[in-house]
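The numbers here are math on the coordinates, done by the rules we state, and not lab data. This one's a predicted model, so the numbers in the text were calculated from it and none came from an experiment. Here Cβ is always computed from backbone atoms with ideal geometry, including for glycine, and neighbour counts include all displayed protein chains.
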Amino acid sequence: MDVRRDAAPRQQTRRAWLAEQGTLVLSGTVAMSLPGRAAQAQGGGATRPSSAAPIATPRHSPVTKPIPSSGEPLPVVGLGTWITFNVGNDPRARDACAEVVRAFFARGGRVIDSSPMYGSSQPVIGHALAKLSRAGESAALFSAEKVWTGDGAGGAQQIDVSRAHWGVPRFDLMQVHNLLAWEAHLPRLLAMKAEGKLRYVGITTSEGRRHGEFERVMRTQPLDFVQLTYNPVDREAERRLLPLAAERGLAVLANRPFREGALLDALARHPLPGWAVELRCDGWAQAVLKFIVSHPAVTCAIPATSQVAHVIQNVGAARNPLPDAALRARIAADVARLV
Ligand SMILES: NC(=O)c1ccc[n+]([C@@H]2O[C@H](COP(=O)([O-])OP(=O)(O)OC[C@H]3O[C@@H](n4cnc5c(N)ncnc54)[C@H](OP(=O)(O)O)[C@@H]3O)[C@@H](O)[C@H]2O)c1
């Protein structure tokens, strides 16, 4: 785990001080070092991002967790693009999204998640990446895309179109969106991974949909990633899917961390509790994200935003201290009571 060591404040709680020293027991919530499977990095290229741009050395080093199948560390907060990046062709709106991406990379962010389902989000990401590249700015992109078509035969072409929109030579992660035609898509994705045409394979669901089938695919297919909904109020995944992901060595992307913003709107009416101050949260968004990414099985939360100030806040949650098991239970109880 990468640990950002901020300057110690004059008045520190015991918890904050211990976290600062890297000795706070976080109930095993965050691995302190890369696991043994790091040695099994697939294809010898598992630690190399697919982005054509050089890897940045960010000023801000967020907390990372390893992808279990390779050991590659990922910052625990990424960037979703549904709705927020679906801004069409308006040049000003596209440039505003590019600024969000710039701020995201500048603070050490890496994972950007999209889908052919998200309207113009893919070309808007491509616009941002091209703009950064033209400006000579670097980006350690970890591209997370999806295949989303009921026509199994059309999957390869859809992936090619997505790649052209992003302007990347290959995707890091390709997920079957909402399990749509997964029986047809997964064999192709696994073959593409074997050929080095993508690096990781996954499946997605959201809002508790089709968890039974999701679990069956997790148990039977050689996946690297799963993506599902998880936040302090949507905790169904804690029962079976998150423990199974840990058991099977699958990385987990947590989608809808803010319930599309509704969770933060509801929490905004309430003052931040003392524990959030102890966790050095500057607002509810960081408190929610710290809850999510401190679950032992969660690798990365992917909040979406159209605002630079919000992406800075969100990536800022990838910073110690993170809550231990007891505090996580209290956060869930408090949030459930407040919304
Ligand atoms: N089945 C699937 O595969 C699936 C399903 C759902 C979602 N996803 C993925 O998960 C991502 C996230 O989920 P989501 O887009 O549904 O919603 P979300 O991330 O839960 O919430 C996004 C909303 O929160 C607001 N927000 C973000 N950061 C904020 C902050 N710091 N303070 C206040 N408001 C903030 C945003 O408004 P502003 O623009 O004003 O910041 C936006 O309206 C998606 O974009 C997508 O990539 C995947």
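In the structure shown, do any of K146/K197; K65/K131; K65/K193 have a Cα-Cα gap over 26 Å, and if so which?
With Cα atoms farther than 26 Å apart: K65/K131.
So how many Å³ per residue does the convex hull of the Cα atoms of region 96-249 work out to?
Cα-based convex hull of region 96-249, divided per residue, equals 126 Å³.
Please report the base-10 log of the normalised intensity I(q)/I(0) for region 191-339, using a Debye sum with one equal scatterer per alpha carbon and no solvent, at each q in 0.13, 0.18 (1/Å).
-0.60, -1.05
Given H placed on each backbone N at 1.01 Å, which residues far from Q175 in sequence or on other chains put an amide H within less than 5 Å of it?
E145, K146, V147, G202
Using +1 at the C-beta of Lys and Arg and -1 at the C-beta of Asp and Glu, which of A140, I312, V277 has the Cα lying farthest in the positive direction of the dipole of region 72-338?
Final value for the positive-end residue is V277.
Please report, to one decimal in angstroms, the Kirkwood hydrodynamic radius of region 72-338 built from all distinct Cα-Cα pairs.
About 18.7 Å, per the Kirkwood formula over Cα pairs.
For E247 and S133, compute 0.36 nm times the residue count separating them, minus their Cα-Cα distance, and round to one decimal in nm.
37.1 nm
Could you give the distance between the Cα centres of region 139-185 and region 60-99, to the whole Å?
Result: 16 Å between the Cα centres.
For region 188-234, state what percent of all Cα-Cα pairs lands in each successive 5 Å bin, counting from 0 Å until the bin that includes the largest distance.
5, 19, 25, 20, 15, 10, 4, 2, 0
Calculate one ³J(HN,Hα) per residue across region 311-320 by plugging θ = phi - 60° into the Karplus curve 6.51 cos²θ - 1.76 cosθ + 1.60, and present them in order as whole Hz with x for glycine and proline.
Taking θ as phi minus 60°, the curve returns 5, 5, 4, 5, 5, x, 6, 7, 8, 6 Hz for region 311-320.
I need the phi-derived Karplus couplings for region 111-122: 6.51 cos²θ - 1.76 cosθ + 1.60, θ = phi - 60°, integer Hz, Gly and Pro marked x.
7, 10, 10, 8, 6, x, 6, 8, x, 8, 4, 4
So, with +1 on the Cβ of K and R and -1 on the Cβ of D and E, and no other charges, what is the size of the charge dipole of region 72-338 about its Cα centre, to the nearest 20 debye?
So the magnitude is around 200 debye.
Taking amide H positions as placed 1.01 Å from N in the peptide plane, with prolines and chain starts having none, which residues 5 or more places from R240, or on another chain, fall under 5 Å of its amide H?
Amide H neighbours of R240: none.
In nm, give the distance between the simple-model label positions of D265 and R235, each being 7 Å from the Cα along the Cα-to-Cβ direction.
Placing both labels 7 Å beyond Cα along the Cβ direction yields 2.4 nm.
What list of ³J(HN,Hα) couplings, whole Hz, do you get for region 91-107 from phi and the Karplus terms 6.51, -1.76, 1.60, once you set θ to phi - 60° and write x for glycine and proline?
Karplus-based 3J(HN,Hα) across region 91-107 equals x, 5, 5, 5, 5, 5, 5, 4, 5, 4, 5, 4, 5, 4, 5, 4, 9 Hz.
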